[in-house]
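Student: Starting off with a structure, shown below.
What follows draws every value from the coordinates through simple rules; no lab data is involved. Please read all numbers here as calculations on a predicted model, not as lab measurements. Glycine also receives a Cβ, built like all others from the backbone with ideal geometry; neighbour counts cover every protein chain displayed.
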């Protein structure tokens, strides 16, 4: 287990180092698919420069990272390159552990998974994350998205290890970074309760007591972090500049998300309404999904991550890579997937078409924004299809677990399941 | 979604598709070719029309009177050119200053990666001279360019003369709202590249040039003029630019409209327009015109000095004066009036040309085919994805041995390394080749490229000695098919013609190849359908279209020079065709070659 992992690490670091040194690095760092205004390294450097000059980094409309990040980088800016490498290393090690722990709760011995397969899952997860071109790109672009992913991975790890305090702290850190991970509290709570044998029952006192505990820890650490940021900077500027920026979407630079085109086209007086609609979209799915998947919090977490990365306001490929890394965990669902070939093709084609259409639009001037947005839409539709396919496969497997793998009709012929 | 979620209907659909796979592919391929041939048929094309309002409705009266004087200036220019033995910089500066322009010069130098044998140049040094006529009527935020190349020998003197004549005439008019830049560039595209890079403060190709001392506003449109005789019979419009990029169709419309108005015979691809579309010869004429455009576009090289403007988002075209033994002789005054009219209309532009099409093909100057009409021809060819679906179904049915990732990864990596070698070796090893073999540098580069290409054919056999399984080649073919589809799709979006021509030969190769075929015959077919052979056919076909057929010997020499020109275009101007073929298309084809020899 250790040897292949080491090989994997060396390989992935080599790829990244080679790309860092090549002339491609600058090109990649400019790509809108890879960096968003939130995670752009150039903006972080700008923020650091402003801070050094004694100006609030949030005074312009350039920097949108959180204060803690800027102070973190303040110490390491000279070694930025190495740091990123380390961060990424750190991040996937954690990821690996997270998923190592991850495979045990899904006890589905009766159906498909053999212990041998379980044994290799963490390695596969690490491979999916490390060798995913999306991760490599966002690492080479020095996107701070890697940090967000690391925090979320740590959160998942601590949740799965059953450490309530750490889970709450990392969740608050992730929320502090980019609001949206807030929705992950539902799976975390469900999981921790499952682990502590607390029934999910609104009548029980123990249920509410646990929620109160978790909420206290979460809000407490959030409060500490926000207070800390305030004392570091001495002003509340950053709230507007970070969270206002995430929620009100003022920057309409094209990216792989759904927001920019829509809000660029919209009349100003509908803006608020549609902002609410679009933002609620991210949070809303938590409720039905948690109700349906309350027995399977880890799967719920996967779905939530996917929903966030599709519907968030400034998505990058790094976010997608995070939930794609979970896919090996669900290898037992593969026989129930229906559209995986189609979806894979569409995702690959779209990823290739992004730079082509960008070139045609921005440099050649012969295409226009509609071409690019069409591909964005298709890309997101493919992601949604992928997600719903996994969801369907999961539910179908549940069905087979309770009714047997080969269904018979009443008259004895083989039955088929139809989703209507 | 009903179709996707109902398992019975899905199964029925998939089994239908896999059963009818081969016929569907063949029919679609035929349909794709037929569709493409149909594009030249006039009822299937659209008439050109002026979309840009600013250029459409306004009437312009052309009054340029001084054609004879312009020709006299041209003769003077020619005399000075002969005397200096190159660009008569001082004379040009003085003459332009006399005409009331702000004149600047720009020096540039460039060492080619290897000698260009077609144009006989290696270490290029030159000077561009340009004069700016400042707009009297508006803030100087926009500009138009009129350029004429200064070529060695007796060519193009009339173009420079007319340019200077127009400059003098334009100077006295008060209605200009955009700066007009009159540019005389030396060493055709190299000079143009230096000037454009200087103007836009970029340096993409590592060229040396002195910075520009004066500049106008952002350039909206440009015309490049080529005239080599005092009288002309017709004007030819050249549109194809770098990487197959085309200017906005409105520029062609503008040219056509003025030719109609002034009564100059105009051609595209050197082909006159004909009205008998319903006759066989009329149809084949427009097919010829269309094919010439497709071939030129696919080559990815700039076919006139305007070609590099397009990279900077500037609509540009070259106008060539043709003098053949026909009637309708026109003098320089008429051409001057035509250009005056075009510039006055361009002067009226309120925003960049964007109303009309950017993706089009022209079977004649008055008709065009837009992207919506020609893309289906390509999509029909790309139906090979069905093959991939078939393979997917075969692979997805569970079998005892699943193929290792390595068995797919090894050929992928090796063929790409071969591609990298094809891209880097020819220019890297030219000195060494020249030392050891009795060849010139250019020959060395071309022959190394061919050698690497051929050597690549021998490599993949040995990549999978122990790993080959039945499942393995299917996975590899699936990957290769998807790769090919994505590659051709992206190519066709950027440069339709190139994508289409590549698809025409690669798609059959991709579709038929399996390891279970008779080796020798199918290897022969694969080689015939490989990218290098496609280029060879294209060379012969192009000569045939130009009505200058060549013998096989000459064709071969031409083929070699085309390869060297392609490599030069890449290093000089940044044309993408050579890296595309070397780094992506060739490795992709090698994958299929690999499948053929799967053990």
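Student: Just need the Rg to Rh number for chain B, please, alpha carbons only, Kirkwood Rh.
Tutor: A ratio of 1.02.
Student: Let me know the Rg and Dmax you get for the stretch B:19-119 when you use only its Cα atoms, in Å.
Tutor: In Å, with Rg to one decimal and Dmax whole: 27.1, 78.
Student: Let me ask something else. Return P(r) of the stretch A:224-359 (all Cα-Cα pairs; 5 Å bins starting at 0; whole %; ordered from short to long distances).
Tutor: Values per bin, smallest distances first: 2, 8, 12, 16, 16, 17, 14, 8, 4, 2, 0, 0.
Student: Among DSSP beta bridges lying fully in the protein assembly as shown, give the percent that are antiparallel, nearest 5.
Tutor: 55
Student: Let me ask something else about it. If each Cα of the stretch B:53-352 is one equal point scatterer, what is log10 of I(q)/I(0) from the Debye formula at q = 0.09, 0.16 Å⁻¹?
Tutor: One equal scatterer on each Cα of the stretch B:53-352 leads to -0.42, -1.43.
Student: Can you tell me the Rg and the Dmax, both Å, for the Cα atoms in the stretch B:450-599?
Tutor: 16.4, 53
Student: Taking N as the number of residues in the stretch A:282-327, what value does Rg over Cα atoms divided by 2.2 N^0.38 Å take? Walk me through the numbers before you get to the answer.
Tutor: Numbers: Rg = 10.8 Å, N = 46, 2.2 N^0.38 = 9.4 Å.
Compared with the compact-globule rule of thumb, the stretch A:282-327 sits at 1.14.
Student: Nearest 10 degrees is fine. How inclined is helix B:405-428 to the longest principal axis of chain B, computing both from alpha carbons?
Tutor: Helix B:405-428 sits roughly 30 degrees off the main axis of chain B.
Student: With label points built 7 Å along Cα→Cβ from the Cα atoms of residue B:541 and residue B:231, find their separation and express it in nm.
Tutor: Placing both labels 7 Å beyond Cα along the Cβ direction yields 4.0 nm.
Student: A further question follows. How long are the semi-axes of the equivalent ellipsoid of the stretch A:218-283, defined as square roots of 5 times the Cα gyration tensor eigenvalues? Whole Å, largest first.
Tutor: Largest first, the stretch A:218-283 gives 29, 14, 11 Å.
Student: Okay, next question. Using 1/(1 + (r/R0)^6) with R0 = 35 angstrom and r between the beta carbons of residue A:362 and residue A:18, what's the FRET efficiency to the nearest 0.05? Before the final figure, lay out the partial values.
Tutor: Numbers: r = 27 Å, r/R0 = 0.78.
In this case the efficiency is close to 0.80.
Student: Let me ask you something else. If Rh is defined by the Kirkwood formula over all Cα pairs and Rg also comes from Cα, what ratio Rg/Rh do you get for the protein assembly as shown?
Tutor: That ratio equals 1.01.
Student: For residue B:208 and residue B:350, what does the FRET efficiency come to when R0 = 51 Å and r is the distance between their Cβ atoms, rounded to the nearest 0.05? Don't jump to the answer; show the numbers that get you there.
Tutor: On the way: r = 38 Å, r/R0 = 0.75.
Efficiency, rounded to the nearest 0.05: 0.85.
Student: Label points 7 Å out from Cα along the Cβ direction at residue B:521 and residue A:236: separation in nm?
Tutor: Taking the two extended label points, one gets 8.3 nm.
Student: Nearest 10 degrees is fine. How inclined is helix B:188-200 to the longest principal axis of chain B, computing both from alpha carbons?
Tutor: With rounding to tens, the tilt is 80 degrees.
Student: Next question, about the same structure. With a point put 7 Å past each Cα toward its Cβ, work out how far residue B:59 is from residue A:277 in nm, to one decimal.
Tutor: 5.1
Student: A further question follows. Bin all alpha-carbon pair distances of the stretch B:127-247 at 10 Å intervals from 0 and give each bin's fraction as a whole percent.
Tutor: Result, from short to long distances: 12, 40, 37, 11, 0 percent.
Student: As I understand it, the value is the acute angle between the Cα axis of helix B:519-528 and the longest principal axis of the Cα atoms of chain B; what does it come to in degrees, rounded to 10?
Tutor: 10
Student: Shielding by partners for A:359-368, please: the mean number of other protein chain Cβ atoms within 10 Å of each residue's Cβ.
Tutor: 6
Student: Given the DSSP H assignment, sum -39500 (n - 2.57) over each helix run of at least 4 residues in the protein assembly as shown and divide by its residue total; what's the result at 222 nm in deg cm²/dmol, nearest 500? Mind dumping the intermediate values first?
Tutor: Numbers: 41 runs with 593 residues, N = 1019.
Taken over the protein assembly as shown, the calculation gives -19000 deg cm²/dmol.
Student: Once every Cα of the stretch A:2-401 carries one equal point scatterer and solvent is ignored, give the base-10 log of I(q)/I(0) from the Debye formula at q = 0.07, 0.10 Å⁻¹, two decimals.
Tutor: -0.32, -0.68
Student: Cα centroid distance between the stretch B:101-158 and the stretch B:524-567, in Å?
Tutor: 32
Student: Considering only C-alpha atoms, what is the centroid distance from the stretch B:300-333 to the stretch B:208-261, in Å?
Tutor: 6
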